[in-house]
Amino acid sequence: MPTYRSRPAEDHELLCELTGAELRLKGDQLAEAENALDLAEQEKAAAMKIFAQRIEAARTVARKLATEILSKQERRAVPCSWKVERYGDDAREAWVLRRDDTGSVVTTQAVTQADRQQELSLS
């Protein structure tokens, strides 16, 4: 029989039967791993909710800006003044809200009995 040189020993990953103590330890480790997984999934859901809110807020701003750019208009506070004005053939009175900068009519409202009564009280 020929003489062979020896090789150094080495480790290999092979299947081995677990002892009772090793099974209990693995069970405990599995429970910890599942708890960590549940916690990570809860944190992910919370983070996704926060990101969804941030995305929706950014989307709202972008939509508003795009609308303003396309229409070349925006809503802003404009000083306006109420005055009683007469109109029509019978000179009916109405409250007229006009823009102070352009004088254009914003809205009108009928003069009520309460308005007339208040006017009498002031004079």
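Read-outs throughout are calculated quantities, based only on the coordinates presented, and are distinct from any laboratory measurement. None of these values were measured; they are calculated from a predicted model. Here the Cβ positions follow ideal geometry from the backbone for every residue, glycine too, while neighbour counts run over all protein chains shown.
Taking only C-alpha pairs under 8 Å that are 6+ residues apart, what is the relative contact order of segment 1-109 in percent?
This gives 12 percent for segment 1-109.
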Each residue of segment 62-76 in turn: what ³J(HN,Hα) in whole Hz from Karplus with 6.51, -1.76, 1.60 and θ = phi - 60°, glycine and Pro shown as x? 4, 4, 4, 5, 4, 4, 5, 5, 5, 7, 6, 9, 9, 8, 8
Placing each pseudo-label 7 Å from Cα in the direction of the beta carbon, Glu10 and Thr67 end up separated by a distance in nanometres of 7.0
Where trypsin sites (Lys or Arg not before Pro) fall in DSSP loop in segment 46-123, at most 12 other Cβ within 10 Å: Lys72, Arg75, Arg76
Whole-Hz ³J(HN,Hα) for each residue in segment 37-53, computed from phi via Karplus 6.51 cos²θ - 1.76 cosθ + 1.60 with θ = phi - 60°, x for glycine and proline: what do you get? 5, 4, 4, 4, 5, 5, 5, 5, 4, 5, 5, 5, 5, 5, 5, 4, 5
In segment 1-69, which GluC sites (Glu not before Pro) are in a loop and have at most 15 other Cβ atoms within 10 Å, using DSSP for the loop call? Glu10, Glu13, Glu17
